[in-house]
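The values are calculated or read from the model by the stated rules, or taken from the named source; none is laboratory data. All figures in this text were calculated on a predicted structure; none of them were measured in a lab. Cβ placement follows ideal geometry from the backbone for every residue including glycine, while neighbour counts extend to all protein chains displayed. Calculation scope for accessible area: heavy atoms of the full protein, side chains included, ligands and nucleic acids excluded. Shrake-Rupley method; radii C 1.70, N 1.55, O 1.52, S 1.80 Å.
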Amino acid sequence: MRIVVAVKYVPDIHADRGFEDGRVVRRADEGTLNELDENAVEAALRLKEALPEDERETSEVVVLTVAGPDADGAVRRAYQLGADRGVRVSDDAIAGSDYFGTARVLAAAVRRLADEAPVDVVVTGMAALDGLGSVVPALLSAELDLPQLTLAGRLEVEGGPGARTARVTRELDGVEEVLEAPLPAVVSVTDHANDPRMPNFKLIMAARTRPVEAWSLADLGVDAALVGDAGARTRVLDASPRPPRPDAEIVVDKGEGGRALAEFLIRNDLV
């Protein structure tokens, strides 16, 4: 089985966010593997580990990202977790890509991997914590013309080579939904799908020197006019810091605390 995991290098969620020219400011010292993508890597590793031993030896988990060279840090984090191979697509023309452009580049990279050997499943996280669009998995499946099984709380694969089926379970509001699709397919998993493993010391050390393949748009045959700022269907018109919170109103309860609270709620249209 061959599993491709799409991951993203994002600013640390605890770092101060900033925008320049309508883009998120990304600093190398603040970047990290998107936390929700660790669930995707874990899901892929579990699929591989569930295979019969003889097939497991020939199976591969490939981590794929679209970003600049700093994103090697995200791939190396995936190596620490147990991924077998890492690919980074980098090109100046990609800068400024919206969700559609990103999905187009990812799809081209998946197709190139499939030219080497069949890709059975593409796994992603439920969202990237820098944009929270949650649409790239669906757009990627459309680009690849593959079934999509999104927001999976549980992922299972049944059957043998050439005739496998993916089954996902989604927890909705008071309802459990089960979906199936033949592979190959695109699957996104939520943060409830699993608990990502902690890397062991051996993998941490090995990840430091493992190679990360770098591909360009030319390698993928992607027209630069269809991605980046040139191909973006959306534009950021304005971005400004969130206004500071007003100072807290402290009320000393001298027997009228309940009345003061009720008046505050009514004054602010909270009831």
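Could you give the length gained on full extension between Ile266 and Glu55, defined as 0.36 nm per residue of separation minus the Cα-Cα distance, in nm? Going from the current span to full extension adds 69.5 nm. Using only the Cα atoms of segment 77-144, each taken as one equal point scatterer with no solvent, compute I(q) by the Debye sum, divide by I(0), and report log10 of the ratio at q = 0.24 Å⁻¹. Log10 of I(q)/I(0), two decimals: -1.33. Here the chain is assigned +1 on the Cβ of each Lys and Arg and -1 on the Cβ of each Asp and Glu. Its dipole about the Cα centre then comes out at about 280 debye. Accessible area per residue was computed with a 1.4 Å probe on protein heavy atoms; Ile250 scores about 150 Å². Computed extension length for Asp247-Ala117: 40.8 nm, one decimal, from 0.36 nm per residue of separation with the Cα-Cα distance subtracted. Relative to the longest principal axis of the C-alpha atoms of the chain, give the angle of the C-alpha long axis of helix 72-81, reported between 0 and 90° and rounded to the nearest 10°. Here the helix axis deviates by roughly 80 degrees. The separation of segment 119-184 from segment 41-98, counted between C-alpha centres, amounts to 17 Å. Cross-link partners for Lys8 among the lysines, with Cα-Cα distance under 27 Å and sequence neighbours closer than 8 places in the same chain left out: Lys48, Lys202. What trypsin sites (Lys or Arg not before Pro) in segment 184-225 are in a loop by DSSP, with at most 15 other Cβ atoms within 10 Å of the Cβ? Of the trypsin sites (Lys or Arg not before Pro), the ones in loops of segment 184-225 whose Cβ has at most 15 other Cβ atoms within 10 Å are Arg197, Arg208. For segment 151-196, the mean projected area of the C-alpha convex hull, equal to one quarter of the hull surface, is 3.6 nm².
Of the listed residues Leu237, Leu151, Leu51, Leu270, the order by accessible area with a 1.4 Å probe, largest first, is Leu237, Leu270, Leu151, Leu51. A cut-off under 14 angstrom between Cβ atoms defines the neighbours of Ala230, and their net charge, with Lys, Arg +1 and Asp, Glu -1, is -2.
Report the calculated FRET efficiency for Ser216 and Glu156 (r = Cβ-Cβ distance, R0 = 30 Å), to the nearest 0.05. The computed FRET efficiency comes out at 0.25.
The angle between the Cα long axis of helix 257-267 and the longest principal axis of the Cα atoms of the chain comes to about 70 degrees, rounded to the nearest 10. Of the GluC sites (Glu not before Pro) found in segment 52-112, those that fall in a DSSP loop while having at most 15 other beta-carbon atoms within 10 Å are Glu57. What is segment 132-238 by shape, rounded, prolate or oblate, if you read a ≥ b ≥ c off the alpha carbon gyration tensor as root eigenvalues and call it rounded for a/c under 1.5, prolate for a/b larger than b/c, and oblate otherwise? Judged from the Cα gyration tensor, segment 132-238 comes out oblate (a/c at least 1.5, b/c at or above a/b).
If the segment from Glu30 to Thr234 were pulled out straight at 0.36 nm per residue, it would be longer than the present Cα-Cα gap by 70.8 nm. Computing FRET efficiency as 1/(1 + (r/R0)^6) for Lys202 and Thr165, where r is the C-beta to C-beta distance and R0 is 35 Å, gives about 0.50.
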